[in-house]
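Computed from the coordinates by the stated procedures, all read-outs in this text should not be read as laboratory data. Quick caveat: nothing in here was measured; it's all calculated off a predicted structure. Glycine gets a Cβ as well: all are built from the backbone with ideal geometry, and neighbour counts include every protein chain shown.
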Amino acid sequence: MYEEMESNSSSKLNSRNTKSSTEISKPPSPTPSDHSKDAGNQSNDHYKARLSPLRYKLRSLLLPLIRKETVILAEMQSLLRCSVLDFYFAWTANLASHTFYVLMLPPPIWFGESYLTRDLVYVLGLGIYFTGFLKDYFCLPRPRSPPLHRITMSSYTTEEYGFPSSHSANATGVSLLLLVKIMSLDYISNTLYYILIVGLFVYYSSLIFGRLYCGMHGFLDIIVGGSVGLLVFLFRHYLGYHWDEFLFNNGLGLIPSAILIITIFVPLIHIYSEPVDDCPCFDDSVAFVGVLIGLDLAHLVAYHTKYFASMNEFNDPYLIPFDYDAGIIKHVLRFLLGVVLVVTWKALSKPVVFTILPPIYKFVGVYLPRRNYISTAHTKASFRNIRSASISNDNGIGDFNAFVKGVTDHTKIDEVGPENDIDYYEMLSYNESQVNKKNKSTTKATTNPPPALPKFKSQVFRYRYDVEIVGRLIIYAGISITAVWTFSFAKDLVGL
């Protein structure tokens, strides 16, 4: 029934678009970058023609469930909404964003939490990868807006598919790791123990319920996303030590083990599901795979050289020496040093990587086919143009400026209606369904012309070159290596 409604909605929309401009204000055909803005909301025929039979069948089974949730979510949102909760849930959503975690992952390395760092990176990296994989596999939309309001400070996340919730996966995995860490603390008072537990509960419940309140996800998105977070936590908690032994203490030696690490992770990019619409999930997944590769390579060298183990009483192969009694000033300077190093690497590596790689692609004839990626090896574009486009497109999880702007700009928290292509097509379909319910006796479509397709308010998606995939891996792997080895040498050099 739902598919029939969607198909009718799509056919009516298409029939309108064939009328003359005197009858209707015809929206312009989406450009390649524009097309990404309606992720998950095109007609069923659109997905049937582009998905495998299995993917389309699974999508068709889940889509009605997601659409039915809209009514419940809209009623809940209208019942609970107030300016205080709008601000609170919009702001706290940043505490489970990809960029926030990228910014917060390096500090534990610098302050004596080597194993916690490995756990966090793996839980977040695998959580982002698997939720992104599922998003692009099922191509399911977020809840409709309207009737829901989308309350968010980040336009970037609204351009992803909705199922499952990566925020829920992040929050679940991190909260479980921190819960285990808190429960293992020996020398804290009962008061502090319960304060930490309550604080963790507030953090987790705010993020999970906030996704529903903000109209960004439905119940199914939350449940599956939380399940992904739980599974990656269980993997790291129970099998993390054995996994590290497999990577580092396998008897192969340093170089073969490094090849093994790269061989394990790089194919994850190759098997990543191709979305029908443009979606930023792939960029984030590639970045986090790069972070995982870089951390494992950095710790592999540390494990075999025993450089750090020889400097601490615990014989911890990953522990960068840290003096807890050095004083608050030195601790702050240590943190600032690490941040400067990571930011400097990100800023300098991008132009260097995208200057060196394109000629190599041309010479070797490398081609990594992926939808909306141009072959660097076969394009006639100049190296300068490839470099410029690749640098400008690298605006994913590590875009600190965009993150800060989203946190500090409170003027765009509440969005509803045709603010972008997602909302535009959702509004048409939703309005049509409401008209059909009220006018069952007539088959004539509404004569009100649809509003003109609004101009995009961001340029997240552009056609890009396949060199950006490997380039992104290198850049983000370098962030991990910088956070470990460059920081270690630099803090010794400046006496921190």
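In the structure shown, do any of Lys350/Lys491; Lys135/Lys380; Lys181/Lys306; Lys48/Lys380; Lys306/Lys362; Lys181/Lys491 have a Cα-Cα gap over 29 Å, and if so which?
Beyond 29 Å: Lys135/Lys380; Lys48/Lys380; Lys306/Lys362.
Can you pull the Kirkwood radius for the range 333-375, inverse mean 1/r over Cα pairs, to one decimal in Å?
Numbers: mean 1/r = 0.0781 Å⁻¹.
After inverting the pairwise mean of 1/r, the radius is 12.8 Å.
Over the Cα atoms of the range 266-392, each weighted equally, I'd like the Debye log10 I(q)/I(0) at q = 0.11, 0.15, 0.17, 0.23 Å⁻¹, rounded to two decimals.
After summing over all Cα pairs, the log10 values are -0.63, -0.96, -1.09, -1.44.
In the neighborhood of Leu336, defined by Cβ-to-Cβ distances under 14 Å, what is the net charge if each Lys or Arg adds +1 and each Asp or Glu adds -1? Each step should come with its number before you reach the end.
Values: positive: Lys330, Arg334, Lys491; negative: none.
Taking every other residue near Leu336 into account, the sum is +3.
Exactly which chymotrypsin sites (Phe, Trp or Tyr not before Pro) in the range 308-338 are in a DSSP loop and have at most 12 other Cβ atoms within 10 Å?
Values: sites: Phe308, Phe314, Tyr318, Phe322, Tyr324, Phe335; in loops: Phe308, Phe314, Tyr318, Phe322, Tyr324.
Here the chymotrypsin sites (Phe, Trp or Tyr not before Pro) that fit, given the DSSP loop and packing criteria, are Phe314, Tyr324.
For a distance above 18 Å, tell me the whole-number percent of Cα pairs in the range 189-288 that qualify.
72
Highest mean first, what order results for 121-133, 197-209 on Cβ atoms within 10 Å? Display every interim value, and only then the final one.
Values: 121-133: 25.0, 197-209: 15.8.
Ranking, from highest mean packing down: 121-133, 197-209.
Output wanted: per-residue J couplings in Hz (rounded whole) for the range 47-55, from phi through Karplus 6.51 cos²θ - 1.76 cosθ + 1.60, θ = phi - 60°, x for Gly and Pro.
Going residue by residue, I get 7, 5, 6, 10, 9, 5, x, 5, 4 Hz, with x marking Gly and Pro.
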